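The values are calculated or read from the model by the stated rules, or taken from the named source; none is laboratory data. Not measured: the values here are computed from a predicted model. With ideal geometry, Cβ positions are generated from the backbone for all residues, glycine too; neighbour counts draw on all protein chains shown. Areas reflect the complete protein model, heavy atoms only, side chains present, ligands, DNA and RNA absent. Shrake-Rupley method; radii C 1.70, N 1.55, O 1.52, S 1.80 Å.
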Amino acid sequence: MGRFLLYRLLRTIPATWAIVSFVFLLSRALPTNDLLGQALSDDSVGNRGLTAAEREAALLRIQERLGLTGPVFYFSCTHSTTGAVWQWHGSDNQYHKWLKKAVKGDLGQSYRSGQPVTAVLGEALRFTLPLTTSAALLATVLSVVLALWLVCGGPAFLLSMLYAIDALPLFVVALGLLLLLANPDILPLFPAYGMGQQTADNAPWHVQISTYLYYSTLPLASLVLVKLPSLVVQLYDALRHELGANYATTARAKGLSAYQVATRHALRNALLPVIALLTDLLPALVAGAVVVEVIFALPGMGRLMAEAAATHDFPVLVGGVLLMAIMRLIGLVVADTLYFLTDPRIRLQA
Amino acid sequence: MRPRKKGAAQHAIAVGWLVLIVSAALLAPWLPLPFPADSVDLNHIAQPPFLPPSVPDTSRHWLGTDGFGRDVLTALVYGARTALLVSLPAALFATVVGTFLGSAAGFWGNSGLRISIVYWLMGGLLLVGAVEIVSTAPSAWWLLLLSLAAAVIIGKSLMRVPMLRRSWPFPTDRLVLGAASLLSSVPRLVLILALAAVQDASLPGIFLLLTLTHWPEPAHLVRAELLRVRTLPYIESARAIGLSGGQILWRHALPNAWRTARTAFPLSLSALIGLETTLSFLGVGLPPEIPSWGRTLAAARLDPTAWWLALFPALALAATTLALRQLTTNKISA
């Protein structure tokens, strides 16, 4: 199994590296004059009168701090009157330095706040990780329960309801929940925003948990509701298919109830196609968190990414992309492990 | 008999709604809308729908206004125009690109397409030349065409040399799948967010972004279909009568696989419409002055009591998605 997982990981790591490098190089290809001017005015609020030389020196200092000095990539091409001149820079370039630091876990500083990117991301993950993992778990468990219920004679309108929800993008569902259940005019059941502000660290644990639940119910519900239809429909179809197989007929002939046939015999086989969907569940939920966190004003990963994108804060953006790619790797490993556990035939191949 | 009738009615409703949306989008500038696009009516800010105007002798805001005094009905009509203008070309282009790459990957696999050493050489030279031309004189694109023609002619004549006629396989499948997995290594919304931050918000930009990130889906579908088709007897007989790989793919295999891409097209379109509205809801990708269903929904986020700002665009979006899905299910069952 170890070899199997290692092989999968080795295949996906180059893609991750390539996409992160791509975003990094694109972000460095932009002109940075606005940004430097901003940083300069932030730095020198006190002293108004700057000579040209001082200004130049200050700019250079800021560039050095943000890692913007030197050529961007290993080679460059400059235009002159005689034509294009190709130049080789060796390892003294921004990309090489960034990559070397990134491998060691240092992703640079945020352009906006000047904090280390890893600290900013870690702070945001504290909110996003519980939200997305609990959404993933809840969606998986609920989909199994609902699909079993549907197979054992649940109401058919449930499926049509799920289809209807599936027609809406996540942000509409979240907005609908917000406007229905957190609205002082209709049903003020849940707060519309404010997570992470009230919780005092010294409160007793049950108070902390209940406040957390109070604030995270709506975001969680919208994430789960959006992911649920595809999972349930897939699992339901797979279960129906398996229940038509001969071994299910045998099990029924043995005298097992419909529920027992479904849970003991069909479920395991039906789970295989759904596990493929689970691979994408965690990254999809993190992406979904972008929307949900913006709507419910949660200080998490997704909102951080959206704000970084809007304000051109590239170190944070590149770090976020890297983190998402790692999450996908984790999702792949989890899915492969699950495949391994459900289907002995895969164990034989590996 | 009965279920078919029911399906037909649903199909008619779906087609009717789509025709309505498309015609509203196309005819938006000539529709008798009382308010021009993006105009601000400061006398009626956040007015609920169906109310008569508070100032006499002005037109009625049938679906209300948002917090800036923009008419919701106008925003919906022009939002449909934006959705059509962005999502439809992107979906079309992504489907065409995906079909092209997916069919090549499925048909030739990793070893099916063999290119002789001459063309590898010529291709490499051409690539270097293209980079050189683009970096020195981007306006001299005609030089590129000229060198392409020259490469073909020289290649043809070099083919006479027996040693150069040997061929190496071109790893089509690996390249296409690699590019697709590269794009899917990060969730699509995050990727678009990151790429949209790099370039300025514009209509062509968002069209390119959506195309670039969406083509793997039709490509995977068509590739799977061609893996099935290429083992069929009629392809074998086409090979037997001596047709070239390109001819078989283009004339015989692709028409079979094109049906899959066509069936999936409405789903691609609805996914892209959802993505476009999400992006404009987040304020990414499209300039803020372009009306969109997502922008109207974003106004609802600011004003929770204005239920009409959320309800009407959400209904339009849901109806469009469901109608497109209905088209797909009809095609599959037909």
Report task. Considering only residues that are over 14 Å from the mean Cα position of the chain (by Cα) and open to solvent by less than 30 Å² (accessible area, probe 1.4 Å), look in segment A:268-296 and name the one that is farthest from the other protein chains (Cβ to nearest Cβ). Result -> A:A270
Query - Residue that is most open to solvent (accessible area, probe 1.4 Å) [pool: residues in segment B:249-260 that are in contact with a Phe, Trp or Tyr (Cβ under 8 Å, 6 or more places away or on another chain) and touching a residue at least 24 places away in the same chain (Cβ under 8 Å)] - result: B:L249
Requested in this report: Kindly list the number of the only condition in (1) in contact with a helix residue (DSSP H, G or I) (Cβ under 6 Å, 6 or more places away or on another chain); (2) of a type in the set (V, I, T); (3) under 30 Å from A:P169 (Cα atoms); (4) touching a residue at least 40 places away in the same chain (Cβ under 8 Å) that fails for A:V290.
Outcome: (4)
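Say we look at segment A:146-172 and pick out the residues that are of a type in the set (A, V, I, L, M), within 9 Å of chain B (Cβ to nearest Cβ) and outside any loop (DSSP other than H, G, I, E, B); which of these is surrounded by the fewest Cβ atoms within 10 Å (Cβ to Cβ)?
A:A164
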Query raised in the report: If you go through segment A:207-220 one residue at a time, do you hit one that is hydroxyl-bearing (S, T, Y), part of a helix (DSSP H, G or I) and at pLDDT 85 or above?
Result: no
Query - Checklist (1) facing chain A (nearest Cβ under 10 Å); (2) open to solvent by 60 Å² or more (accessible area, probe 1.4 Å) applied to B:T277, failing item - result: (2)
Requested in this report: Consider only pairs whose beta carbons are under 9 Å apart and that are at least six residues apart or on different chains; among these, list those whose first residue lies in segment B:296-311 and is on the phi < 0 side of the Ramachandran plot and whose second residue is basic (K, R).
Outcome: B:T296/B:R70; B:A299/B:R70; B:L309/B:R301; B:A310/B:R301
Report task. Kindly indicate the residue of segment B:280-298 that is within 11 Å of chain A (Cβ to nearest Cβ) and touching a Gly at 6+ places or on another chain (Cβ under 6 Å) and also farthest from A:G302 (Cα to Cα) among those meeting that condition. Result -> B:W293
Report task. Could you check, for segment B:156-179, whether at least one of its residues is facing chain A (nearest Cβ under 10 Å) and in contact (Cβ under 8 Å) with a residue 12 or more places away in the chain? Result -> yes
Report summary line: Inside segment B:156-203, the number of residues satisfying the requirement of being closer than 25 Å to B:A105 by Cα and assigned to a helix (DSSP H, G or I) is 15
Report summary line: Of those in segment B:204-246 that are farther than 19 Å from B:L177 by Cβ, part of a helix (DSSP H, G or I) and open to solvent by 70 Å² or more (accessible area, probe 1.4 Å), the residue modelled with the lowest pLDDT is B:P204
Requested in this report: Give the residues of segment B:93-132 that are among the small types (G, A, S) and either in a strand (DSSP E or B) or under 14 Å from B:L158 (Cβ atoms) (or both), sorted by residue number.
Outcome: B:S116, B:G123, B:G124
**Report entry** Scan of segment A:302-319 for residues that are in a helix (DSSP H, G or I) and either of a type in the set (F, W, Y) or at the interface with chain B (Cβ under 9 Å from one of its Cβ atoms) (or both), ordered by number
**Finding:** A:G302, A:M305, A:A306, A:A308, A:A309, A:A310, A:F314, A:L317, A:V318
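This table checks each residue for (1) at pLDDT below 80; (2) closer than 30 Å to A:A309 by Cα.
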| site | (1), (2) |
| --- | --- |
| B:F107 | no, no |
| B:L121 | yes, no |
| B:I133 | yes, no |
| B:S139 | yes, no |
| B:L158 | yes, no |
| B:L183 | no, yes |
| B:R188 | no, yes |
| B:L193 | no, yes |
